[in-house]
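Reading through the structure tokens given below for one structure.
What follows draws every value from the coordinates through simple rules; no lab data is involved. Note that the structure is predicted; figures quoted are calculated from it, not measured. Every residue, glycine as well, gets a Cβ built from its backbone with ideal geometry; the counts of neighbours run over all protein chains shown.
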Amino acid sequence: MREIDWKLLSELMKNSRRSDRELARAIGSSQPTITRRRNALEKELIEGYTAIPRWEKLGYEIMAFTFVKTKQALGPEEQHRPDHAKAKEWMMKQPNIIYAAGCRGMGWNGFMISVHKSYLDFDKFMEKHNGTLGPLIDSAETVIVSLDGRNTLKPLHFKYLEEDMRIP
């Protein structure tokens, strides 16, 4: 990536709603250059733009971090494909799962983040999760976090990551 691309990505992470003209002013470049570079970044690097809501104002009370250990942790890749496909298909249909991936560490090899409107909603979700994916899972543990803001030390936002990015 060029230096201007790093600067543009950094500015977009702070606030992606700004116009190319505003971004050009902030970076010290021309608007046509910013438009071209943004288009290139959107094709190559930027997966999409999204708002980060105040979950509690939308009626969500809980964010859940669920770690799983699957039964197919070892073995040939071909052996994993059907289970992986089943898990992915199920998770893609759950609108309250905002991130899911394989992981390594502390004995876990799967991870998901989900949001829930209440503890009852979370409990029903986990029953559905265990009913569908339970045969594939050896164990699962969940940490739930209240979204009411009282215990938030630093809110979820990508603007903080921007502050850590360095232009190589």
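Things worth noting here:
- The relative contact order of the chain, computed from alpha carbon pairs under 8 Å that lie at least 6 residues apart in sequence, is 32 percent.
- Förster radius 41 Å - calculated FRET efficiency between residue 41 and residue 106 (Cβ-Cβ, nearest 0.05): 0.70
- Using alpha-carbon coordinates, inclination of helix 31-44 to the longest axis of the chain, degrees: 20
- Length added when fully stretched, residue 4-residue 71, from 0.36 nm per residue minus Cα-Cα: 19.5 nm
- Within a Gaussian network of the chain (alpha carbon springs, distance under 10 Å), most fluctuating of 152, 33, 66: 33
- Per-residue ellipticity at 222 nm, computed for the chain from helices alone with -39500 (n - 2.57) per DSSP H run of at least four residues, works out to -13000 deg cm²/dmol.
- Measuring how big the chain is from its alpha-carbon positions, Rg and Dmax come out at 20.0, 57 Å.
- Rough spin-label spacing in nm, given labels placed 7 Å along Cα→Cβ, for residue 151 and residue 99: 1.9
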